[in-house]
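Bear in mind that the values in this text are calculations on the coordinates, not laboratory data. Remember, it's a predicted structure, so these values are computed and weren't measured experimentally. Cβ coordinates were reconstructed from backbone atoms using ideal geometry, including for glycine residues, and neighbour counts include every protein chain displayed.
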Amino acid sequence: MLNVQLPGLDLKNPIIPASGCFGFGQEFAKFYDLNLLGSIMIKATTKDARYGNPTPRVAETGAGMLNAIGLQNPGLKHVMENELPWLEQYDLPIIANVAGSQLEDYVEVAEEISTAKNVKALELNISCPNVKTGGIAFGTIPETAAELTKAVKNVSSVPVYVKLSPNVSSITEMAKAIEDAGADGLTLINTLVGMRLNLKNGKPILANGTGGLSGPAVKPVAVRMVYEVSQAVKIPVIGMGGVQSAEDVLEFLLAGASAVAVGTANFVNPFVCPEIIDELPNVLKKYGYSSARDCIGRSWKLEAESANHRT
Amino acid sequence: MLNVQLPGLDLKNPIIPASGCFGFGQEFAKFYDLNLLGSIMIKATTKDARYGNPTPRVAETGAGMLNAIGLQNPGLKHVMENELPWLEQYDLPIIANVAGSQLEDYVEVAEEISTAKNVKALELNISCPNVKTGGIAFGTIPETAAELTKAVKNVSSVPVYVKLSPNVSSITEMAKAIEDAGADGLTLINTLVGMRLNLKNGKPILANGTGGLSGPAVKPVAVRMVYEVSQAVKIPVIGMGGVQSAEDVLEFLLAGASAVAVGTANFVNPFVCPEIIDELPNVLKKYGYSSARDCIGRSWKLEAESANHRT
Amino acid sequence: MRKELLTVGSNECIADNIYKLILEGDMVQDFKKPGQFVHLKVSESMTPLLRRPISVAEINHDQSEVTLIFRKEGEGTSLLAEKKRGDQVDVLGPLGNGFDVENFTEGKKALIIGGGVGVPPLYELSKQLTSKGILATHVLGFQSAKDVFFERQFKELGETFVATVDGTHGIQGFVTDVIDKEQLDFDYLLACGPTPMLRALKMKYPDREVYLSMEERMGCGIGACFACVCHTDQSEKTYVKVCLDGPVFKAEEVLL
Amino acid sequence: MRKELLTVGSNECIADNIYKLILEGDMVQDFKKPGQFVHLKVSESMTPLLRRPISVAEINHDQSEVTLIFRKEGEGTSLLAEKKRGDQVDVLGPLGNGFDVENFTEGKKALIIGGGVGVPPLYELSKQLTSKGILATHVLGFQSAKDVFFERQFKELGETFVATVDGTHGIQGFVTDVIDKEQLDFDYLLACGPTPMLRALKMKYPDREVYLSMEERMGCGIGACFACVCHTDQSEKTYVKVCLDGPVFKAEEVLL
Ligand SMILES: Cc1cc2nc3c(=O)[nH]c(=O)nc-3n(C[C@H](O)[C@H](O)[C@H](O)COP(=O)(O)OP(=O)(O)OC[C@H]3O[C@@H](n4cnc5c(N)ncnc54)[C@H](O)[C@@H]3O)c2cc1C
Ligand SMILES: Cc1cc2nc3c(=O)[nH]c(=O)nc-3n(C[C@H](O)[C@H](O)[C@H](O)COP(=O)(O)OP(=O)(O)OC[C@H]3O[C@@H](n4cnc5c(N)ncnc54)[C@H](O)[C@@H]3O)c2cc1C
Ligand SMILES: Cc1cc2nc3c(=O)[nH]c(=O)nc-3n(C[C@H](O)[C@H](O)[C@H](O)COP(=O)(O)O)c2cc1C
Ligand SMILES: Cc1cc2nc3c(=O)[nH]c(=O)nc-3n(C[C@H](O)[C@H](O)[C@H](O)COP(=O)(O)O)c2cc1C
Ligand code: FES
Ligand code: FES
């Protein structure tokens, strides 16, 4: 009832912890059996280890949070030698989130990490708003994003998903450029760029100034983008942004997502993913669906059907 | 302590109900004396009366709401003959929000409405996401926005403010293009495009499909954009997005706004504007400011100062 | 029209997911017409953000109490269902234009039709009509036996028919079926309930004196945001606001 | 480490904006080390969204109770201050690495330094140290007389100096002033409080056995999000996580 198939990913259920919100899984393995999950999107990996931004790195907002971690990670070598092998004890297809400052970095990391036994897909993080060079530029210029996608496709041993930034004038233009460049799938949304000021000293709360907004606050933006993008492209979409419950997952499936990632909610409730997986069959039944696959894109498929009907 | 000066606008305090959230003032006049306000941004006015979108037109989201009113308004003639004259009983500079489907509509409405006795500034709504033609296109292409600004500046008898859409890849690029075209000020942000689905029938809750997201959920995006834009241009910025309290107003002032508009919060609490005005002096004092003017742009002025210090 | 913290006198579940909430406070003195509503902030939190419109089911000026009857539906009404005696609720009211009882003539016959949570405002309406000497007949429609409420209270005011869609209580069918079957006649027809029901009644009696109380999703509740508009029969561009001009309209005023 | 609904045993204001909250539940049996903390969801609402980290001030295994002492600061702690006996609080814990009391030797001297709401975890620490036969001296710093709490409790465990910045209670000045003035000596120095205080202590005693309990804004609280990292002295790229590797560190492990 819950299984879904995507390029490279044969998922027992459509629930995936989002990159950066689940580390490399070890912390959450203390709470539950990771085999319950559909997959894991591991923390963005760069060529070399990165310390990231100064602290404070998080701030709270209405129904959301800002983060400016700055792609902190232990670097490709450590991930290949420690994190991924540790994850092999689970029967889990891993989605490796790849980041960098320039095209060459992405290519190098993608080439190597895609050879890891349990890495079944890459997720190109071209949209992280918290690094000063690279990152964001790739995510807002369709041509640059397409070029990067092509370069990575050339070297990757597994299907390549590209993660879209919501901070663009036209998300469908971006999506189509990346599809044309050969991407196997899209994931969206990354965080919206935001800021909060500390009234006491007049300065931004985050040491980095701006940060990425996530959590329930962004859900309507995410649902809208998944709805638009999934109709504009033929490759599958993994949706995310503010998911907290099985109902939210259903909303993303109906909007056009083939699987759904859960980010910030893991901080609020470390058990949120298994709880959603547990609840999802009931929610599907309650609203009259026989499987997760059955729901994908229903919102616009319905429209198309009734439009056909009219003519 | 609270008065601020902007082109065309001599405001006794920096608090302005945002366009579309206050009608033409008549409803709120039943709750309190409108003379308490700094100004009013009246509902978007188009050449002809518009019915707007089908209902439902509002939906709720985490710490926010979606609306797809669709620029419903009684049309220029009615506004000139009824709404504005009614507002003359108050000693209030009015900011007239102008909308249209094409350049000529804006020009026509702007030319005439700017001659009304109490209209002291125009606010060009080039960013309403809820009309299918015009509107949104002006708001996302810098060249088009600049062209429109020029055309309206040519005919307007009062200073022209342009209202920016947050749904763009680069808000500063947009702001600079509009400044160069001769705008007297900028107002931001309008709503983010979002969507919610009704799980019961799989369709969007709003009859229009997508809608504009407002309320506390968008505040961090708004603060960030005000912070960026106010540094990138020399003309003043009126900030808005999720303001609910005097603290929120201070946050926008520190970010770089010269005045602050309050939208959605008027629906939650019809007294919110006078309550904020009442509370603002205490909040300013609490954080050590002697006047509203004193706060404007402090966040980045501080940075600049400490940067100068270093060298 | 004002904003006030009213105090919960009681809150009880009176049918499946249906709650009867009594609120006390000075504002109650402002309530006059049946069909008016209040706009409630159910939580101090940012979510749910907007107020919730609920009709007034009974006004008690002596005790400074109003009764609301609501269905626990989504997040807002679920929070409202949790309110306990002594809790305070932030209320905006009275809002809207109700039924103009003073325009109805003593001795005439009123047929009062309610569907589901459209029933509550009709109780105060029937009380005011009958106390004015108008003969009230009630037809109340519900999904199922478990959803029925206030049957006894309406019976005390006049003849009352209850219909359930599944036939588990009263007559099986819709309210329109009952009107046909019982050949109910009237001088005034007054109705509140789901739009399909209102539409059916409007169509059925194009030339009679029919008053309909409408529902629409609201932003402000006071006429400022244009969220709750409804087309009128006159032209494509004319409209009324449910929150300010309504919720009660003459059937010919609104396009359904 | 688990997630559990703990029940509020009591919640009282013990100084200006300072609350003492007692929570009961099975999870308490898991608490061992002083300096560990809990991560609390203070409201079921979406705002505030994240949990709040609060140190455990006292562990009572027999009663299955932990005591938290917190300052009402912003939105989250204000909501926590409203909790009443019988309310339930969603708690994640125990989190973090506390002070390793088993590594300290009987008969030695411990100097315990607390600043403001850094004081609470030091109470359980001092209880465990003194019951192991270590001699504890306490220096507690506060802004002003109205902020002082737990002075009597610490005095019962050992010599206790209180300093206030404005001199309205105890010695006027900072905790470091007290150490100098009283010429306090120690085998172990253990401290919790604002970063400037920790930095001063680290600088003052570069070659002594100093343990510092750190604070940092947190996302997850369990080591997954990299929000709470702190540089180490080793290299630009090495770091520790306050939530997982700390909050207690040897002074030489962290760059302040
Ligand atoms: C004038 C008026 C009078 C009403 N009187 C009553 C009454 O006496 N008893 C009763 O049970 N219900 C009544 N309703 C309906 C009631 O307002 C909704 O059931 C309630 O708002 C649902 O809120 P929720 O948070 O539980 O549901 P959600 O679905 O979570 O609400 C989401 C949003 O949609 C709006 N919404 C959802 N359903 C409706 C609806 N049917 N009408 C208007 N807005 C809706 C909510 O206000 C909210 O903004 C009335 C509605 C109107 C317009
Ligand atoms: C390991 C640890 C132990 C702590 N123990 C105690 C204690 O025993 N007693 C006590 O009074 N306080 C303690 N604090 C500080 C306490 O966590 C903050 O005061 C609290 O989170 C403020 O939340 P708020 O919503 O009231 O404030 P807000 O300013 O509204 O909070 C906004 C956000 O910033 C975070 N934040 C604000 N201040 C701090 C801070 N000083 N440290 C970490 N995060 C912060 C909040 O968690 C929240 O995410 C501890 C902090 C840490 C990291
Ligand atoms: C603390 C934090 C760290 C994140 N790090 C990454 C990252 O390394 N790579 C990435 O692609 N996205 C990262 N994201 C974005 C999330 O994967 C996700 O796209 C976003 O948070 C929206 O989902 P949510 O609302 O469920 O959190 C991060 C988000 C948060 C909150
Ligand atoms: C119901 C509604 C109607 C609006 N109508 C207009 C409008 O006519 N013209 C306009 O420029 N902005 C309009 N806006 C946008 C607001 O003026 C404001 O920019 C936005 O809502 C963000 O502020 P807030 O979060 O305080 O509401 C509307 C917003 C809402 C919620
Ligand atoms: S709800 Fe705002 S106009 Fe009716
Ligand atoms: S708070 Fe997430 S790693 Fe420490």
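Using the scaling law 2.2 N^0.38 Å as the reference, what is the normalised Cα Rg of chain A?
Working: Rg = 18.4 Å, N = 311, 2.2 N^0.38 = 19.5 Å.
That ratio works out to 0.94.
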Prolate/oblate/rounded call for region D:134-209, Cα gyration tensor, a/c under 1.5 rounded: oblate
Mean ellipticity per residue at 222 nm, deg cm²/dmol - from DSSP H runs of n ≥ 4 across chain D, formula -39500 (n - 2.57): -5000 deg cm²/dmol
Zone residues, region B:160-188, relative to B:E303, backbone N less than 19 Å from point 7 Å out along Cα-to-Cβ: B:169-176, B:188
Label point 7 Å beyond Cα along the C-beta direction, distances from A:D10 to other copies (nm, shortest first): 7.8
Least to most buried among D:K155, B:K219 (fewest other Cβ within 10 Å first): D:K155, B:K219
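If the only charges are +1 at each Lys and Arg Cβ and -1 at each Asp and Glu Cβ, what is the size of the charge dipole of chain A around the Cα centre, to the nearest 20 debye? Please report the intermediate quantities before stating the final value.
Details: 26 positive and 31 negative charges, 139 e Å.
Charge dipole of chain A: 660 debye, to the nearest 20.
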Range of Cα positions in region A:165-292 per principal axis (Å), largest first: 55, 38, 19
Rough spin-label spacing in nm, given labels placed 7 Å along Cα→Cβ, for D:H169 and B:T172: 4.9 nm
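Going through region A:33-135, which GluC sites (Glu not before Pro) have at most 12 other Cβ atoms within 10 Å and a DSSP loop state?
Numbers: sites: A:E60, A:E81, A:E83, A:E88, A:E104, A:E108, A:E111, A:E112, A:E123; in loops: A:E88.
Sparse-neighbourhood loop GluC sites (Glu not before Pro): A:E88.
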Rounded to whole Å, sorted largest first: equivalent-ellipsoid semi-axes of region D:121-256, Cα gyration tensor: 27, 16, 16
Excluding exposed DSSP-loop GluC sites (Glu not before Pro) (at most 13 other C-beta within 10 Å), longest clean stretch of chain C: C:157-235
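In what sequence do D:T195, D:T160 fall when counting other Cβ within 10 Å, fewest first?
Working: D:T195 15, D:T160 20.
Going from least to most buried by this count: D:T195, D:T160.
If neighbour count is taken as other Cβ atoms inside 10 Å, put C:M197, A:M1, C:M218, B:M240 in order from fewest to most.
Details: C:M197 21, A:M1 13, C:M218 25, B:M240 31.
Ascending Cβ contact count within 10 Å gives the list A:M1, C:M197, C:M218, B:M240.
Tally Lys and Arg at +1 and Asp and Glu at -1 over the other residues with C-beta under 12 Å from the C-beta of A:N282: what net charge comes out? Walk me through the numbers before you get to the answer.
Details: positive: A:K285, A:K286; negative: A:E247, A:E275, A:D278, A:E279.
Computed value for this residue: -2.
If you take the Cα Rg of region A:50-192 and divide it by 2.2 N^0.38 Å, with N the number of residues, what do you get? Before the final figure, lay out each step's value.
On the way: Rg = 15.1 Å, N = 143, 2.2 N^0.38 = 14.5 Å.
Against the empirical 2.2 N^0.38 Å value, I get 1.04 for region A:50-192.
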Charge context of C:A227, other residues only, Cβ under 11 angstrom, K/R +1, D/E -1: +2
Estimated distance in nm for a label pair at B:Q89 and A:D48, the labels positioned 7 Å out from Cα along Cα-to-Cβ: 7.1 nm
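Which whole number gives the average count of other chain Cβ atoms within 10 Å of the Cβ atoms across peptide C:214-223?
Taking all residues of C:214-223 together, the mean is 6.
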Rg to Rh, two decimals, where the protein assembly as shown supplies the alpha carbon set and Rh follows Kirkwood: 0.99
Those lysines that a straight Cα-Cα span of less than 21 Å connects to A:K117, excepting residues fewer than 8 apart in one chain: A:K12, A:K43, A:K47, A:K77, A:K153
Cα-Cα over 20 Å, subset of D:K3/D:K33; C:K33/C:K204; D:K20/D:K84; B:K176/B:K234; B:K120/B:K285; D:K83/D:K155: C:K33/C:K204; B:K120/B:K285; D:K83/D:K155
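Which whole number gives the average, over all residues in B:116-123, of C-beta atoms from other chains lying within 10 Å of the residue C-beta?
Numbers: counts 0, 0, 0, 0, 0, 0, 0, 0.
Partner Cβ neighbours, averaged per residue: 0.
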Residue of chain D whose Cβ sits closest to the axis mapping D onto C, with distance in whole Å: D:S45, 2
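For A:N154, what is the net charge nearby, where nearby means another residue's Cβ is under 12 Å from its Cβ and Lys, Arg count +1, Asp, Glu -1?
Numbers: positive: A:K150, A:K153; negative: A:E111, A:E147.
Its environment carries a net charge of 0.
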Pair C:Q88, A:A29: separation of 7 Å Cα→Cβ label points (nm): 5.3 nm
Sequence-separation-based contact order of chain A, relative, with Cα cut under 8 Å and 6+ spacing, percent: 19 percent
Along each principal axis, Cα extent of region D:2-95, largest first, Å: 31, 29, 25
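List the relative contact order of region D:101-215 as a percent without decimals, with contacts defined as Cα pairs under 8 Å and 6+ residues apart.
On the way: 216 pairs, mean separation 32.3, N = 115.
Relative CO of region D:101-215 lands at 28 percent.
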